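Engineer: First the structure, then my questions, so here it is.
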Amino acid sequence: LTLGNLNLFASRLELNTATGLVKASGFVRVQTSQLSGIADTLELDANTRVGTFHNARMRMTQSGLYAEADSVVIRPDGTLVLHGCSLSSCPPDVVGAWHLNSSLVRLESDGVGVAWNTRLNIGGVPILWLPGIAWPTVDERRSGVLAPHFATAASSLQRFNLGTRIQVPIFLNMGFDQDLTLTPEWIERRGTALGMEYNYAFWEGQRGRLQLWGL
């Protein structure tokens, strides 16, 4: 079934000509300009072009994210609403990969992604909980939270024996010629810290960077 830029494949398709409701089952596969994936079943309103996939596994073409969700609602403008989902930039078969588990995620094709009740897991171990988080879903620079960074620093010298470090960078787009990244950090054996990186390029052939960090 082809509807606009939506290509749908399934073992069985049922179309109600009176209501325009399409039901698909049996290894449902979907492909659009924004995503590709599989699901167990699908209900699609051919009039409004709003579809709901159940037990879906998808890859977002533009952002490169992999998603598994109890249900995914796709809208004609490319907006996705995922319920009970897991997101990661790593393929599902990568051992020890990071992923975000969220109750609700909304991804706009030309805007931002927003996740609610989010838990960050690394290799299946919960690391961080956030009530909400947002990030850009396009390549253009946008303000928002960047991917968290985790590291472990162990040394026989006490000043270098820091333990686990967790950083959550926050990127601020201040225009085409400057930006600022603030990085709150938790260090196991030192406490909290804050880093700042300011980048600027006010005229052609010139660029600069100012970095500050402190406990």
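The values are calculated or read from the model by the stated rules, or taken from the named source; none is laboratory data. Fair warning: this is a prediction, and the values are worked out from it, not measured in the lab. Note that each Cβ is placed from the backbone with ideal geometry, even for glycine, and that neighbours are counted across all protein chains shown. The accessibility values were calculated without ligands, DNA or RNA, using every heavy atom of the protein model including side chains. Shrake-Rupley method; radii C 1.70, N 1.55, O 1.52, S 1.80 Å.
Engineer: Charges only on Cβ, +1 for Lys and Arg, -1 for Asp and Glu: so what's the dipole of region 1-153 about the Cα centre, in debye to the nearest 20?
Structural biologist: In total the dipole reaches around 80 debye.
Engineer: Let me know the charge dipole size of region 130-189 about its Cα centre in debye, to the nearest 20, where only the beta-carbon of Lys, Arg (+1) and Asp, Glu (-1) is charged.
Structural biologist: For this selection, approximately 300 debye.
Engineer: Where does the charge balance sit around Ile38 when Lys and Arg score +1, Asp and Glu -1, over other residues with C-beta under 9 Å from its C-beta?
Structural biologist: Around Ile38, the charge tally is +1.
Engineer: What span do the alpha-carbon atoms of the chain cover on each of the three principal axes, reported in whole Å from largest to smallest?
Structural biologist: 71, 45, 26
Engineer: May I ask for the equivalent-ellipsoid semi-axes of region 1-63, computed as the square root of five times each C-alpha gyration tensor eigenvalue and listed largest first in whole Å?
Structural biologist: After scaling each eigenvalue by five and taking roots: 19, 13, 9 Å.
Engineer: Report, to one decimal in Å, the Kirkwood hydrodynamic radius for region 118-186 based on all distinct Cα pairs. Spell out each step's value before the answer.
Structural biologist: Numbers: mean 1/r = 0.0704 Å⁻¹.
So the Kirkwood estimate lands at 14.2 Å.
Engineer: Give the shape of region 37-86 as rounded, prolate or oblate, defined through the alpha-carbon gyration tensor: a ≥ b ≥ c are the square roots of its eigenvalues, a/c under 1.5 means rounded, and otherwise the shape is prolate if a/b is larger than b/c and oblate if not.
Structural biologist: Oblate shape, in that a/c is at least 1.5 and b/c is the bigger or equal ratio.
Engineer: Find which of Asn55, Pro184, Ala24 sits farthest along the positive direction of the dipole of the chain, computed with +1 on the beta-carbon of Lys and Arg, -1 on that of Asp and Glu, about the Cα centre.
Structural biologist: Pro184
Engineer: Something else about it: Taking all protein chains as present, what is the carbon and sulfur share of the accessible area of the chain, in % to the nearest whole number, probe 1.4 Å?
Structural biologist: Carbon-and-sulfur percentage of accessible area, whole number: 56.
Engineer: Counting heavy atoms of the protein chains only and a 1.4 Å probe, report the per residue accessible area for the chain as a whole number of Å².
Structural biologist: Heavy-atom SASA per residue in the chain reads 58 Å².
Engineer: Report the charge-dipole magnitude of region 174-215 in Debye, nearest 20, computed about the Cα centre from +1 at each Lys and Arg Cβ and -1 at each Asp and Glu Cβ.
Structural biologist: Values: 4 positive and 6 negative charges, 43 e Å.
Once rounded to the nearest 20, the dipole reads 200 debye.
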